[in-house]
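Notes for the one structure printed next.
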Amino acid sequence: MLKTNFIDVTKTFSKEEIKKFFDFANSPYHNSSKSVAKLVEQVKKYYPDFENRNFTKEKIFAKVFAAGAYNDQVMRNLMSDALQLCYDFLAAEYLKKYKFAEMRSILIELRTRNLDALYDKNLKAAYKSVEMDHSLDFLYFENLYKLEGEVFLNELTHNRQESVYPVVVRQGELLTYDYLSKLINHIIDMKVNETYYSMKESDSITKKIFASLDIDSILNKLKASSEKEYSVLLLFYYRALLSLNGKEEDYIKFKDLYLSNTSLFNRSTNYNLITALETFCIDNIKIDSSKYRAELNEVHRKSIELDVLKLYEEGSLNLLKFWNIFINSVEINQINWAEEFAEKHYIDLEPETKEGAINFARAIILYKRKEYEKALDMLNKTKLSQFLFKLSIKTFYLRIYYEKGDFQSAGFALDSYKQFLYKNKTISDAYRNVYLNFAAIYNDLLRTASGEKNAGKNELMSKIETLSPNVYNKHWLLEMIGNLK
C-alpha cells in the first residue's frame with residue numbers, strides 16, 4: 001500500500017474537503033503541475049480508507065505517467081509537490097474559516113496599495129466582525145490590538161502624526177488586557193497540570209506576576225470605557241479565580257456572569273468556559289455529592305442547549321465529556337435520560353472509542369436496572385485504553401459483584417484493582433489515595449457483608465467520615481453500609 005505524508009494529510013480530509021482539494025488541485029492559479037493534478041485525481045479514488053491492492057506507488061505512477069518505466073525519485077518528488085499543495089490548501093481553508101486573519105491580510109494589502117477608501121471600509125467591517133455577537137474568543141483583545149496597529153501604521157503612512165498618540169494609548173490598553181487574558185489562561189493550564197498529574201507546583205515568575213496584579217484598578221478603568229470589554233476581562237478573571245481557589249463564591253460569580261453573556265462568544269470559547277463550570281462541579285462532588293451532581297447536571301443540560309458538546313461543530317465529541325455527562329446523570333438516577341443521551345451521542349465520538357464507550361454505558365444501565373449478569377457480559381466486551389476508564393470499569397466490577405452477592409469474585413477483583421493503582425505512575429499520589437481509600441473501605445464492607453468481620457454500620461460510617469472527602473464512590477459506599485443488616 002502507498003504510505004506517504006501526502007496520504008496521511010488527505011486521510012484527515014472530510015468528504016467536503018476532499019472534493020474542495022480536488023478542485024484546488026485542478027485550478028491553474030493554485031497548481032500549475034498537470035502531473036500533481038492527475039496524482040490527486042488517482043488518490044481521490046481510494047478515499048477515505050486508502051487501502052486496496054492496486055493502491056501502490058508503481059500503479060499510481062503508471063496512471064499519472066502513461067508512458068515510461070517507474071522512477072522512484074520522480075514519484076518521491078511528485079508526492080512532495082502534492083504535499084506542498086496540501087499545505088497551500090489548508091492555509092487557504094484556514095483563511096476562510098478564520099475570517100479575522102483574512103480581513104487583516106486584506107487590510108495590509110489595501111494599505112500598502114494606498115487604496116484609502118476601500119481600506120477605511122474594510123477596517124470598519126473588521127472592527128464590526130471582531131466585536132460582533134457570537135464571535136468573541138480568547139483572542140478578542142489581541143485582535144483589537146492588531147486592528148489598532150493597522151490604524152497606527154495607516155496614520156503614519158499618511159503623515160498624520162497628531163492622530164497617532166490616541167492610537168498608541170489605545171494599543172497600550174489593549175495590549176495590557178490581552179496580556180492579562182493570556183496570563184490567566186496560562187495560570188489555569190499550570191494549575192490543571194499540577195492538580196491532575198504528578199507535577200510539582202512551580203515557583204514561577206508567572207504566578208508571582210499574577211499574584212501582584214492590581215486587577216481591581218484595571219477592571220475599574222475598563223468598566224468606565226467599555227462595558228463589553230469589562231465583562232469579557234472580568235469573566236476571564238473570575239475563571240482564573242475559580243481555577244486557582246476553587247471557592248463556591250467564585251463559581252457563582254463566574255457562572256452568573258458567563259450565563260448572562262453566552263451570546264457574546266463563539267463556539268469554541270463557550271465550550272471552554274462551560275467546561276470550567278463542569279470542572280468545578282466534578283472537583284467538588286467528593287465534598288457534597290448530591291448538591292454538585294445536581295449542579296453539574298444543570299451545566300450539562302446548558303451545554304446541550306447551547307450546542308457546545310463538541311469543541312468544533314464538524315469535530316468529534318470528547319470521550320471524557322461524553323462520559324461525565326452520562327455517568328453523572330446515572331448517579332442522580334436519571335437512568336432513562338442517561339440512556340437516551342448515550343445512544344444519541346456516542347456516534348459523535350472518535351471511531352476507536354465508540355464501541356467501548358457505548359458498551360460501558362449499556363453495562364452501567366443494565367447494572368442500575370439490577371440485570372447483573374447481562375451487565376457483566378457487557379463489561380467483558382468493553383475495551384477502553386485510557387487509564388481512568390480502565391479504573392472505572394474495575395470499579396463497576398466491584399460494585400456488581402458486591403450487589404449480586406458474589407463475594408469471592410469481589411475479593412479477586414479488589415486485589416486486581418489495588419495492583420492496578422499501585423503500578424500506575426501517571427496519576428498524582430493525592431488522586432491515587434482517593435481510590436485506595438475507596439478500596440480500603442470496600443474491603444471492610446465486603447468482609448462485614450460476608451460475615452468474615454464483625455464491623456458495625458457506625459464503625460464503617462466513622463471510617464468514611466475520617467477519610468472524607470478523599471474517598472471515591474463515597475455515596476455508593478454509604479448506600480451499601482446503610483443496607484447492612
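A few remarks follow.
- Taking only the C-alpha atoms of region 28-79, the Rg (one decimal) and the largest Cα-Cα distance, Dmax (whole number), read 11.3, 34 Å.
- Calculated log₁₀ intensity ratio I(q)/I(0) where the Debye formula runs over C-alpha points of region 322-366, q = 0.16, 0.28 Å⁻¹: -0.34, -1.00
- Under a model in which nothing but the beta-carbon of Lys, Arg (+1) and Asp, Glu (-1) is charged, the chain shows a dipole of about 1260 debye around its Cα centre.
- Taking the Cα centre of region 365-419 as origin and assigning +1 to Lys and Arg Cβ atoms and -1 to Asp and Glu Cβ atoms, the resulting dipole is close to 220 debye.
- Note on region 18-89 and region 395-467: Cα centroid distance 59 Å, given to the nearest whole angstrom.
- Out of every Cα-Cα pair that region 5-97 contains, those further apart than 16 angstrom amount to 52 percent.
- Label point distance in nm, D283-E194, each placed 7 Å from Cα along Cα→Cβ: 1.1 nm
- Listed residue pairs exceeding 19 Å between alpha carbons, taken from K15/K44; K291/K368; K394/K423: K291/K368
- Members of K99/K302; K425/K485; K191/K354; K255/K374 lying beyond 32 Å, as alpha-carbon distances in this model show: K425/K485; K255/K374
- Partners of K383 within straight-line reach, counting aspartates and glutamates whose Cα lies under 15 Å from its Cα and excluding those fewer than 8 residues away in the same chain: E350, E352, E355.
- Calculated [θ] (222 nm, deg cm²/dmol) that DSSP helices of n ≥ 4 give over the chain, each run adding -39,500 (n - 2.57): -24000 deg cm²/dmol
- Seen from a random direction on average, the alpha-carbon convex hull of the chain projects onto 30.5 square nanometres.
- Seen from every direction in turn and averaged, the convex hull around the alpha carbons of region 386-485 projects onto 6.0 nm².
- Rounded to the nearest 20 debye, dipole of region 5-97 from Cβ charges on Lys, Arg, Asp, Glu: 220 debye
- Modelled spin-label separation between T466 and E343, with each label point placed 7 Å from Cα along the Cα-to-Cβ direction: 4.6 nm.
Here, each number is a calculation from the coordinates, and none is a lab measurement. Note that the structure is predicted; figures quoted are calculated from it, not measured. For neighbour counting, all protein chains shown are included, and Cβ atoms are generated from backbone atoms with ideal geometry for every residue, glycine included.
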